[in-house]
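First comes the structure, then the notes that go with it.
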Amino acid sequence: MYRHFGEVDAAGTSPLYERVAVALSESDEALRAIRTAPARKRHPTVILAALHDLALAGRAPALAAAYASADGDAAADAAIDTLLRMTDPVVAIAARRTTRADETGRSAVLYPAIAEAARRVGAHAVGLIDVGCSAGLNLQVDRVGITYSNGQSLGDPSSPVQLSASIVGARPLPTRAMPEVVARVGVDLDPIDVTDAEDARWLRACLRPDQLERAARLEAEMAWAATAPALLLRGDGVEVLPDAFARVPADVLPVVTTTWALSRFPLESRLRFLRRLEEAAAGRAVAWVSAEGVGVAPTVPTLGDRRASGHSIIGLVVFDRSAVRSEAVGRCWSRGRLLAWLADS
């Protein structure tokens, strides 16, 4: 698993982690230390993030120095040494934490779909509810600037967070602006508070140490999310939804978003999630924007695509009291870095 992570997953994107993961795979002592972690916490992304967390906290200075100098050989030696000397702290962090992929890069998909949902309902304001929100950075979708490869742009061109995404196919995106966001509610089993030093450090630790551009963007994201923190609700995404809907004013369109979150739910829970949306729509319109693997989001058309085909479907479902309109408005790849818009807007 560690060799595959280094030679395949990290290859070409993180030379440091490529070297460190392969070195760990070749050390019997390191592998024995990793085996002391719970089975589901032995994955390279978790153990490497735990080691990175110790480096960022100043508890593994040799590893921090190797990462800062981008010295792969030194990083490999320091990672093994840190793991063997500090096995218990590494395992404790891995057992307590969940790796996070908080990236407003998903906004390139969410922004046009949320704006389209508001257009279809005629809403002049929306309340965002992000299920599986982690630190809630995607709830700041209206505050980013996005440039697409076809020359289109959305969002705030003066935002400190600027994103780019590639368009696949000839159909342009709808360029209407998202209406005012008057509520931002996140739901997660273990939400991350960007104003908490340890939580913020863990988000940094989940990035690969040689991904400097992403690290700089995360700093900007956290800084500006802290100026207008979202309301984060702790709990099961299905069970907490009614409370989340209650936080959105009655005259505002609630837009629920899920980005690669529903795959963690069994099918029964996904269907209950759908029923929660239908229940909330008994008194007002509700929209659901999803970016999930093919066949993961119930009611969202699969366009005849195969499951586990390497891309995701961008779904838009509008519940308007008794009527439900479900459409696949696009496809996306690489967590929203490439997308193809399909809907007539």
Based on what the data block shows, is R42 of a type in the set (K, R), under 27 Å from the mean Cα position of the chain (by Cα) and more than 14 Å from P209 (Cα to Cα)? yes
Quick one: what pairs do we get from region 232-257, first residue in the same structural domain as L274 (by TED's automatic domain parsing), second surrounded by 14 or more Cβ atoms within 10 Å (Cβ to Cβ) and hydroxyl-bearing (S, T, Y), C-beta under 9 Å, 6+ apart or different chains? D236/S269; G237/T258; G237/S269; V238/S269; V256/S290; T257/S290
Flag if V144 is of a type in the set (V, I, T), closer than 17 Å to V256 by Cβ and in the same structural domain as A115 (by TED's automatic domain parsing): no
When you check G310 against the structure, is it assigned to a loop (DSSP other than H, G, I, E, B), over 24 Å from S149 (Cβ atoms) and either without any contact (Cβ under 8 Å) to a residue 40 or more places away in the chain or out of contact with any strand residue (DSSP E or B) (no Cβ under 7 Å at 6 or more places or on another chain) (or both), yes or no? no
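How many residues, within region 57-80, are of a type in the set (D, E) and either assigned to a helix (DSSP H, G or I) or touching a Phe, Trp or Tyr at 6+ places or on another chain (Cβ under 6 Å) (or both)?
First, the residues of region 57-80 that are of a type in the set (D, E): 71, 73, 77.
Next, from what is left, pick out any that are either assigned to a helix (DSSP H, G or I) or touching a Phe, Trp or Tyr at 6+ places or on another chain (Cβ under 6 Å) (or both): 73, 77.
Within region 57-80, residues that are of a type in the set (D, E) and either assigned to a helix (DSSP H, G or I) or touching a Phe, Trp or Tyr at 6+ places or on another chain (Cβ under 6 Å) (or both) number 2.
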Could you tell me which of the residues A57, A50, A66, A33 is modelled with pLDDT of 95 or more and touching a Leu at 6+ places or on another chain (Cβ under 6 Å)? A33
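Out of everything in region 1-12 that is closer than 24 Å to R40 by Cβ and not aromatic (F, W, Y), what residue ends up being surrounded by the fewest Cβ atoms within 10 Å (Cβ to Cβ)?
Of region 1-12, the ones closer than 24 Å to R40 by Cβ are 1-10.
Next cut, not aromatic (F, W, Y) only: 1, 3-4, 6-10.
Numbers: M1: 14, R3: 13, H4: 13, G6: 23, E7: 13, V8: 11, D9: 16, A10: 23.
In this case the residue turns out to be V8.
The values are calculated or read from the model by the stated rules, or taken from the named source; none is laboratory data. No experiment lies behind these values; they were computed from the predicted model shown. Counting neighbours? That spans all protein chains shown, and the Cβs are built from the backbone with ideal geometry, glycine included.
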